[in-house]
Amino acid sequence: MTAPDPARLPDPAGQPDYARLIDAATWAFIRETEGWYPPDATGLTIAGQRAVYDRMARAFHRGRPAGVTTRDRPFGGVACRVYRPAGAVVFTVLYLHGGGFVVGGLDSHDDICAEIAAATGARVVAVDYRLAPEHRHPAAFDDALAAARAVAVEFPGPLILAGDSAGGCLAAAVAQRARAGGPAVAGQVLIYPGLGGASDRGSYLSHAHAPMLSRDDVLWYARIRHGGGQARCDDPTADPLRDSDFAGLPPSVIISAECDPLADDGRDYRDRIRAAGGRADWICEAGLVHGYLRARASVPRAAASFGRITAAIAALGRGHWPAL
């Protein structure tokens with residue numbers, strides 16, 4: 001990771017006008033999320049942070065849509081949960097959850113995966129990859145790749161990779177590795193992913209103090225993931241933007257939140273794929289913040305974005321380019 005120049009770090013007073021950019025419904029979601037975190041949350045142990053995150057996820061859980069059934073089972077030695085919608089299944093989605101590689105699991109994104117299955121008609125396989133700091137990189141990547149390869153064998157047909165935040169990073173890393181050794185990937189949909197962009201420029205600075213996720217948070221999660229150290233500068237399994245070759249990647253849709261230090265990562269990844277002759281599109285969702293998937297029931301902007309996400313997954317799974 002590029003060492004930041006302290007002189008270039010913005011003062012909070014120089015940040016965007018979030019009171020103008022973020023609407024009232026999104027602010028209500030932000031405040032509700034913050035309400036689940038105690039004032040000393042940053043000083044909690046890893047176990048304490050996971051407990052707080054899990055309580056917050058349960059509070060936002062919307063239940064599963066009617067007709068969606070689930071089964072927990074391993075793929076490639078990795079615990080997973082399979083969501084099956086009512087009706088015929090045309091393709092499979094491998095979903096990798098967010099949480100900075102430190103928190104989250106099958107339950108934290110349970111309703112999101114169930115709603116994706118219902119909205120797209122796809123079988124969704126959620127992956128319970130190993131978390132840091134107990135399992136530093138590349139443990140999560142190894143689990144994601146092993147699960148993807150096993151799922152492709154079990155369920156022949158189009159495979160779509162999807163994930164949010166850290167899960168978006170894992171999905172992109174799997175897609176890049178899959179060019180050699182499989183599995184065949186029909187498309188990927190990345191939701192506000194962190195892809196290893198330079199932390200001393202662009203949105204990392206302009207949105208360094210954004211609600212829901214700050215630049216300091218991003219750097220903290222990275223340190224935990226790598227056992228207190230830094231990622232190797234040539235390791236695209238940790239940070240997909242570090243790759244030197246973006247040719248041969250599957251059709252890709254990347255969705256970022258405007259008010260997020262990670263926003264530029266999605267744009268830069270799109271640009272690298274296009275420059276290599278691939279097909280990619282990037283949407284920067286105006287006025288939204290990191291983690292807005294949990295706001296899809298209460299924030300109109302988030303609901304509209306979730307509709308675009310599921311439409312992209314459905315189109316790619318059926319071999320079409322989405323009209324976004």
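The values are calculated or read from the model by the stated rules, or taken from the named source; none is laboratory data. A quick note: this is a predicted structure, and the numbers were derived from the prediction, not measured. FYI the Cβ positions are ideal-geometry reconstructions off the backbone, even for glycines, and counts take in every protein chain you see.
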Would you tally the residues in region 87-100 being modelled with pLDDT under 95 and either among the acidic types (Asp, Glu) or over 20 Å from ALA184 (Cβ atoms) (or both)? 2
Is at least one residue of region 121-128 out of contact with any Asp or Glu (no Cβ under 8 Å at 6 or more places or on another chain), over 30 Å from GLN230 (Cα atoms), surrounded by fewer than 19 Cβ atoms within 10 Å (Cβ to Cβ) and of a type in the set (Val, Ile, Thr)? no
For region 60-78, check the following and say yes or no: at least one residue is out of contact with any Leu (no Cβ under 8 Å at 6 or more places or on another chain), modelled with pLDDT under 95 and not aromatic (Phe, Trp, Tyr). no
Taking region 220-248, which residues are closer than 26 Å to ALA295 by Cα and exposed (fewer than 15 other Cβ atoms within 10 Å of the Cβ)? TRP220
Among the candidates CYS233, CYS284, single out the residue that is within 25 Å of PHE101 (Cα to Cα) and either at pLDDT below 95 or of a type in the set (S, T, N, Q) (or both). CYS233
Those residues of region 152-187 which are hydrophobic (A, V, I, L, M, F, W, C), crowded, with 17+ Cβ neighbours inside 10 Å and in a loop (DSSP other than H, G, I, E, B) amount to PHE155, ALA178, VAL185, ALA186
Cβ pairs under 6 Å, 6+ apart, first in region 303-316 and within 16 Å of GLY287 (Cα to Cα), second buried (at least 21 other Cβ atoms within 10 Å of the Cβ) and at pLDDT 95 or above: ALA303/ARG296; SER305/GLU285; PHE306/ARG296
Count - residues of region 36-88 that are in a loop (DSSP other than H, G, I, E, B) and either without any contact (Cβ under 8 Å) to a residue 60 or more places away in the chain or acidic (Asp, Glu) (or both): 18
Yes or no: region 138-148 includes at least one residue that is of a type in the set (Asp, Glu), farther than 17 Å from ALA171 by Cα and at pLDDT 95 or above. no
Any idea which of (1) in contact with a Phe, Trp or Tyr (Cβ under 7 Å, 6 or more places away or on another chain); (2) under 25 Å from ASP54 (Cα atoms); (3) β-branched (Val, Ile, Thr) is the one ILE273 doesn't satisfy? (2)
